[in-house]
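Novice: This is the structure, below, for whatever I ask next.
All of the numbers you see were taken from the coordinates with simple rules; none came from a lab. Not measured: the values here are computed from a predicted model. We place every Cβ from the backbone using ideal geometry, glycine too, and count neighbours over all the protein chains shown.
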RNA sequence: GCCCAGGUGGCGGAAUGGUAGACGCGGCGGACUUAAAAUCCGCUUCCCGCAAGGGAGUGGGGGUUCAAAUCCCUUCCUGGGCACCA
């Protein structure tokens with residue numbers, strides 16, 4: 001603990017005692033039990049579940065305290081709120097820790113969960129623990145396997161031999177989404193490639209539907225990130241003639257978004273990994289091509305990306321024919337063309353593509369302008385011209401605007417059967433195989449006779465053996481476990497072998513929100529009725545780091561399950577709030593970085609309510625910020641003032657002369673505060689909601705000094721303050737609720753309403769400006785007319801001082817705000 | 001390189017065309033105390049001024065407007081995302 005602040009506040013109450021007391025009461029009374037038959041309208045408020053890494057740290061508090069406050073707020077608005085918690089329990093960290101420590105992932109994970117469950121309770125959260133889910137439990141992951149089989153049956157899960165991203169440190173393949181700038185997202189090791197048999201989910205089938213983010217009330221930033229990740233581009237697939245090479249395939253398909261430039265294609269580039277490279281390469285070019293391809297394949301993703309400046313390639317010795325103009329152009333291999341995008345073959349138009357331009361310059365290939373820039377003098381280009389223009393050197397299309405040329409050439413290509421319009425996506429199918437131990441076994445059996453056989457549903461779950469060796473070898477640890485691998489074929493009963501890869505843990509989190517509705521259901525992944533009752537999630541909260549992994553996968557699952565007839569809605573998360581992170585030393589807190597701040601010491605000193613509120617008060621939740629405890633004492637001080645304020649004996653006010661102005665002022669403040677706090681929490685502005693409550697308590701203090709009100713008015717104001725505070729500080733508000741003579745529980749109350757008429761001001765400060773500069777302020781009634789306001793302003797001392805001797809040219813009047821006198 | 005978010009007192013931040021700096025931290029002064037802590041009260045953007053008051057001020061420059069932290073252009077800086085996608 002770094003500060004002097006922590007030792008200063010002396011508590012007037014014992015936070016730990018009252019907090020523990022109420023948490024026990026809430027639990028024993030099952031206050032937060034969520035019932036499906038509750039008649040109130042449902043509200044599903046879901047925070048992303050945590051990975052059980054060890055201990056709950058201050059970053060977890062920052063994530064879960066505001067979402068708990070929101071859930072409590074919705075409950076007090078009259079909803080039947082589902083606010084569940086669970087653990088994303090499979091995954092690499094536990095396995096890696098096990099390799100180092102020898103402690104089995106099952107044990108470390110369950111120990112961590114036990115500890116974290118207690119710590120999450122200690123925050124004063126309203127989770128219904130009867131609905132907890134743990135994804136590493138067979139009761140959960142058997143449904144991963146079941147869902148996998150449904151997707152498999154529907155053709156949405158398939159196995160393919162393909163180059164995969166390989167992390168040499170984690171010894172497993174990675175999905176595209178898990179490769180960050182060529183590095184493994186988990187350990188920052190440069191990613192290499194391996195050709196392997198891998199299981200994929202056909203997410204690309206839903207690319208277009210996933211692109212439709214119009215129904216989502218999500219931050220624009222996340223919607224843009226998903227849109228860019230999917231990366232739709234419309235263009236034309238067109239064949240180039242390679243019949244001169246006597247191959248069976250007479251055609252050679254390229255993809256372009258610029259069919260208007262096809263007459264400028266002066267060469268064609270093929271990706272080094274492309275299977276046709278081998279067949280096309282001329283004998284005399286073989287050595288050079290093989291050397292180039294070998295070098296390209298050995299490169300890590302990072303090295304390949306870093307070649308951005310220098311584009312390299314080699315000539316294959318082969319040629320193809322551009323069917324539009326009959327031109328014979330050379331075919332080159334270059335690693336700036338990716339096998340994984342489009343067809344892996346590109347028609348190069350150096351005049352109108354900067355990459356092709358640079359490549360052409362380097363290898364002295366011809367550059368032919370076919371879309372003339374406006375006012376082009378016919379001279380050489382210094383860089384590729386990417387804009388629109390007029391078709392030139394384009395045969396029958398010369399003279400057309402290129403935008404029209406684009407359509408007419410595409411029509412021409414389609415009419416001749418050379419190609420067709422199509423759409424390409426940057427999105428790749430989701431690679432879900434992992435060569436690791438601590439995950440869901442993929443329920444497939446390989447039989448020499450029957451081939452790929454799904455494990456029959458009645459044999460699920462395929463249990464993860466607890467006695468496997470999990471040292472990393474590059475093969476799945478399960479492959480070494482004879483008892484697991486060797487199995488009878490479910491079809492023909494001959495000896496067969498199990499699939500030994502496990503699933504990406506993002507499979508678990510792609511449907512966990514469905515399981516919370518019926519966490520103990522044993523006839524399927526979820527009870528269809530319950531799932532329908534609670535879903536979709538009304539409000540999801542979590543960090544931006546999941547913008548293109550979890551959030552995209554979960555949307556895909558929802559759509560796929562809908563098409564399988566298991567769900568009847570299209571989107572899993574209607575509203576998403578993307579919170580910021582508490583960082584320490586400008587890095588996100590995590591156990592692996594060793595920069596975690598433990599909340600325990602703070603909690604033991606100032607209590608959970610103060611820590612919750614302090615984190616919410618730091619700033620806007622979506623902004624996050626560097627951890628500092630410098631202000632936590634201020635929150636503790638305020639909580640103590642609330643404690644004292646709420647318990648004053650208001651009878652001291654009775655019998656004194658009453659002041660109608662004071663009463664009205666207080667009632668107005670009460671109603672304004674309710675309005676502010678409610679609208680702030682609705683908009684996730686917990687910081688200003690707390691500021692409004694602080695102002696309110698300051699006002700109450702002044703009212704107390706001023707007297708003039710009776711105990712009824714005072715007690716009413718205190719009651720409303722406690723109700724507004726309850727979502728954010730659940731313990732102290734419960735205790736004070738009881739101490740002010742109310743029946744258990746404050747968390748079963750509804751939020752106070754505000755009356756706009758009572759919140760309305762009677763007077764306001766009329767601002768007097770001269771030439772836009774503040775010169776006076778005058779208290780005036782809200783009923784003031786425009787003429788009166790103008791006169792009051794013109795006659796004010798502040799204005800007079802600055803307009804004397806000048807001519808008043810204009811007077812601007814803004815009702816309820818100001819008068820601006822324009823004078824010169 | 002492209003896209004997004006942001007830049008406001010000593011600090012966290014408030015204000016989304018109309019009183020810049022709410023609320024809190026820190027600091028200063030005072031009350032209480034033998035003293036300290038805690039607590040309570042007051043002050044606290046900067047500059048000039050004893051004061052009244054005046055001037056400057058929301059990264060920099062320019063613009064629109066009676067009026068700009070807020071809108072527009074431009075530029076710098078910070079954070080995040082994407083990046084040979086044909």
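Novice: Condition (residue is in contact (Cβ under 8 Å) with a residue 60 or more places away in the chain, within 32 Å of the chain's Cα centre (by Cα) and more than 8 Å from RNA strand B (Cβ to nearest atom)) applied to the stretch A:663-677: is it met by at least one residue?
Specialist: Yes, some residue in the stretch A:663-677 is in contact (Cβ under 8 Å) with a residue 60 or more places away in the chain, within 32 Å of the chain's Cα centre (by Cα) and more than 8 Å from RNA strand B (Cβ to nearest atom).
Novice: If you don't mind, another one. Among residues belonging to the stretch A:21-31 that are crowded, with 16+ Cβ neighbours inside 10 Å and in a helix (DSSP H, G or I), point out the one that is farthest from the chain's Cα centre (by Cα).
Specialist: Within the stretch A:21-31, the match that is farthest from the chain's Cα centre (by Cα) is A:22.
Novice: Sticking with this structure for a sec: Give the residues of the stretch A:679-693 that are more than 12 Å from RNA strand B (Cβ to nearest atom) and buried (at least 20 other Cβ atoms within 10 Å of the Cβ), sorted by residue number.
Specialist: The one that is more than 12 Å from RNA strand B (Cβ to nearest atom) and buried (at least 20 other Cβ atoms within 10 Å of the Cβ): A:681.
Novice: Filter the stretch A:584-619 down to the residues that are more than 9 Å from RNA strand B (Cβ to nearest atom), outside any loop (DSSP other than H, G, I, E, B) and surrounded by fewer than 20 Cβ atoms within 10 Å (Cβ to Cβ), then identify the one that is nearest to the chain's Cα centre (by Cα).
Specialist: For the stretch A:584-619, the residue satisfying everything is A:600.
Novice: Can you list the strands (runs of 3 or more DSSP E) found entirely within the stretch A:389-494 that contain at least 1 residues being within 40 Å of the chain's Cα centre (by Cα) and free of Cβ contacts under 8 Å to residues at least 24 places away in the same chain?
Specialist: A:451-454
Novice: If you don't mind, another one. (1) touching a helix residue (DSSP H, G or I) at 6+ places or on another chain (Cβ under 8 Å); (2) under 30 Å from residue A:296 (Cα atoms); (3) surrounded by fewer than 15 Cβ atoms within 10 Å (Cβ to Cβ): which one isn't true of residue A:221, the others all being true?
Specialist: In the conditions (1) touching a helix residue (DSSP H, G or I) at 6+ places or on another chain (Cβ under 8 Å); (2) under 30 Å from residue A:296 (Cα atoms); (3) surrounded by fewer than 15 Cβ atoms within 10 Å (Cβ to Cβ), residue A:221 misses (2) alone.
Novice: Just to be sure before I move on: is residue A:753 within 16 Å of RNA strand B (Cβ to nearest atom) and either more than 38 Å from the chain's Cα centre (by Cα) or exposed (fewer than 15 other Cβ atoms within 10 Å of the Cβ) (or both) in the structure I sent?
Specialist: no
Novice: Pairs please, first residue from the stretch A:770-790 and under 16 Å from residue A:820 (Cβ atoms) and in contact (Cβ under 8 Å) with a residue 24 or more places away in the chain, second anywhere and more than 9 Å from RNA strand B (Cβ to nearest atom) and assigned to a helix (DSSP H, G or I), Cβ atoms under 7 Å, 6+ apart in sequence or on different chains.
Specialist: Hits for this filter: A:770/A:799; A:770/A:803; A:775/A:799.
Novice: If you don't mind, there's one more thing I want to ask. Within the stretch A:229-240, identify whether any single residue is away from RNA strand B (no atom under 16 Å from the Cβ), within 40 Å of the chain's Cα centre (by Cα) and assigned to a helix (DSSP H, G or I), and answer yes or no.
Specialist: The answer is no, given that none of the residues of the stretch A:229-240 is away from RNA strand B (no atom under 16 Å from the Cβ), within 40 Å of the chain's Cα centre (by Cα) and assigned to a helix (DSSP H, G or I).
Novice: Could I ask something else about it? Give the stretch A:341-378 a look and list any residue that's loosely packed, with under 14 Cβ neighbours inside 10 Å and either within 7 Å of RNA strand B (Cβ to nearest atom) or not in a loop (DSSP other than H, G, I, E, B) (or both), or say none.
Specialist: A:354, A:361, A:362
Novice: Here's something else I'd like to know. Can you work out which of the residues in the stretch A:756-773 that are farther than 21 Å from residue A:696 by Cα and not in a loop (DSSP other than H, G, I, E, B) is nearest to RNA strand B (Cβ to nearest atom)?
Specialist: Of everything passing the filter in the stretch A:756-773, A:767 is nearest to RNA strand B (Cβ to nearest atom).
Novice: Still on this structure, please answer the following. Kindly establish whether residue A:776 is within 13 Å of RNA strand B (Cβ to nearest atom) and in a loop (DSSP other than H, G, I, E, B).
Specialist: When the stated conditions are applied, residue A:776 does not pass them.
Novice: So, in the stretch A:751-785, exactly how many residues are touching a strand residue (DSSP E or B) at 6+ places or on another chain (Cβ under 8 Å) and farther than 24 Å from residue A:808 by Cβ?
Specialist: 4
Novice: Quick test for you: out of A:622, A:661, pick the one residue that is in a loop (DSSP other than H, G, I, E, B) and more than 23 Å from residue A:116 (Cα to Cα).
Specialist: Answer to the check: A:622.
Novice: Please specify each residue of the stretch A:246-265 satisfying the condition of being surrounded by fewer than 18 Cβ atoms within 10 Å (Cβ to Cβ) and either closer than 30 Å to residue A:543 by Cβ or in contact with a helix residue (DSSP H, G or I) (Cβ under 7 Å, 6 or more places away or on another chain) (or both).
Specialist: A:247, A:250
Novice: Can you tell me which residue in the stretch A:537-553 is farthest from residue A:79 (Cα to Cα), limited to those that are within 12 Å of RNA strand B (Cβ to nearest atom) and part of a helix (DSSP H, G or I)?
Specialist: A:545
Novice: Still on this structure, I have one more. Determine, yes or no, whether residue A:279 is surrounded by fewer than 16 Cβ atoms within 10 Å (Cβ to Cβ) and either touching a residue at least 60 places away in the same chain (Cβ under 8 Å) or part of a loop (DSSP other than H, G, I, E, B) (or both).
Specialist: no
Novice: Anything in the stretch A:221-236 that is over 28 Å from residue A:260 (Cβ atoms) and touching a residue at least 12 places away in the same chain (Cβ under 8 Å)? List them, or say none.
Specialist: A:221, A:222, A:225, A:226
Novice: Could you list, in sequence order, the residues of the stretch A:790-824 that are part of a helix (DSSP H, G or I) and either in contact with a strand residue (DSSP E or B) (Cβ under 7 Å, 6 or more places away or on another chain) or within 12 Å of RNA strand B (Cβ to nearest atom) (or both)?
Specialist: Correct list: A:790, A:792, A:793, A:794, A:797, A:798, A:799, A:800, A:801, A:802, A:803.
Novice: Any idea how many residues of the stretch A:629-639 are more than 7 Å from RNA strand B (Cβ to nearest atom) and over 12 Å from residue A:602 (Cα atoms)?
Specialist: Total meeting the criteria: 1.
Novice: Return the residue satisfying two criteria in turn: it lies in the stretch A:326-337 and is in a loop (DSSP other than H, G, I, E, B) and surrounded by 15 or more Cβ atoms within 10 Å (Cβ to Cβ), and of such residues it is farthest from the chain's Cα centre (by Cα).
Specialist: The residue in question is A:335.
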